1. When you look at Y326, is it touching a strand residue (DSSP E or B) at 6+ places or on another chain (Cβ under 9 Å), surrounded by 15 or more Cβ atoms within 10 Å (Cβ to Cβ), at pLDDT below 80 and more than 30 Å from R230 (Cβ to Cβ), yes or no?
2. Which condition does H227 not pass, out of (1) touching a helix residue (DSSP H, G or I) at 6+ places or on another chain (Cβ under 8 Å); (2) modelled with pLDDT under 85, if it passes all the others?
3. Please determine whether any residue of the range 46-54 is more than 37 Å from the chain's Cα centre (by Cα) and modelled with pLDDT under 85.
4. Just to verify a result, which residue in the range 109-147, among those that are of a type in the set (S, T, Y) and farther than 13 Å from I201 by Cβ, is surrounded by the most Cβ atoms within 10 Å (Cβ to Cβ)?
5. Looking at the range 1-60, which of its residues are of a type in the set (D, E, K, R) and either buried (at least 18 other Cβ atoms within 10 Å of the Cβ) or at positive phi (or both)?
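The values are calculated or read from the model by the stated rules, or taken from the named source; none is laboratory data. Worth saying up front: this structure is predicted, and the values here are computed from it rather than measured. Glycine also receives a Cβ, built like all others from the backbone with ideal geometry; neighbour counts cover every protein chain displayed.
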Amino acid sequence: MEGTFSERLRQYRRSKNLTQQELADRLGVSNKTVSRWESEGGYPDVPLLVPLARALGVTVDDLLDGEKPVRALSRADWQSLLSFAFALGGGVLFYLLDLFMPMALCYCAYLGCMAYGVYLQKYYAYHSRWFQISNALMCLAVNLTFVTAVLTAAAALIWFGSSQAMLGASVQVQLLRGNGGQVLLAVLAVLVCAVLLTAAIQAAIYRWNTGNPLCWGEGMSVQLRPHLVRPPLRRLLPGLVPWLAAAFWLFYERPDLPVALYEEQETAFCLCLVILAVLGSLPLLDRGHRRWIPGVWCMTALCWGMIGLRVYKIAWSPVTQRIIPYSTTLGSIYVPLGQASWAMPVAAAVLCAVWVLLQCVRLGPPRTAASEIKEEA
């Protein structure tokens, strides 16, 4: 990062979402001192350089020199890579072992690998934010698979004795009959359980790393209280993407559509989602909002699940070349034609609500007017 020391200090502070007062409190100086460093070009005293770099999550070289020197990989670098290998490789190992071993043992092996990766990250490596993010995402993916398998096995044992194949056939029949809402509720239940399990694991990791429990009160040592913020309109606009994806299926409610359009509806819906992802990313291209673009694409990818929420009220008869009412008793030569269902706007509402919550709810001390003024300084 090139520029003067004051410019680098201001950019590093804003990238950490710290106000001048918050940075001054961490260093034990006044906010006027930090303001003087950023505006008048002053330099901190030598004893303050290391605490200042740690507070900003950078090195002293990053603060004093805009051009980072080329250095060889140190032992800490290799140990940091090793921590990534254990945390992320444990997830890959989980999926490989799941092919021929019981899932419970695979899950225990993953937890062991992840724990050792967290141990290396805490004691022998640089504390990397990318490690926390990637570890949380891998943990969520493994938990989704594990929770899905456990709940599926439990449902098959309760309702069908011990056959998961009968459970899968039952789900397929429910989708064909247009009861996609029940399947959607089951998917949401799996997702909620996986998220709660992941949050519990990450909270335990955070407490072990810092020694501070994640509590929700006035006396907590780590300020993680939820509070509402007012995001700009451009960050709320991508919340319309799920609704537009659901509106795509209203096109197939017309009775005079040719059968060819029904046969290519999955391809057309895929193209529609790509266009919606691009349009949803356009309001976020400005600096400061680009970090939300991957979230828009993830939300759009989740809209692909609407394919499984189609209802089948009509079918195409290749013998008579006519559209007839669909029934589960029809032969395999009849082609069912998918149409919109009430579960699609429900799924759109859930995705939109999640997006709005991500934009409007923050964890941390509420921002005051004074802190916002200092942030703009």
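1. yes
2. (1)
3. Yes, the range 46-54 has at least one match.
4. T145
5. Once the filter is applied, which keeps residues that are of a type in the set (D, E, K, R) and either buried (at least 18 other Cβ atoms within 10 Å of the Cβ) or at positive phi (or both), the range 1-60 yields R8, R10, R13, E22, E38.
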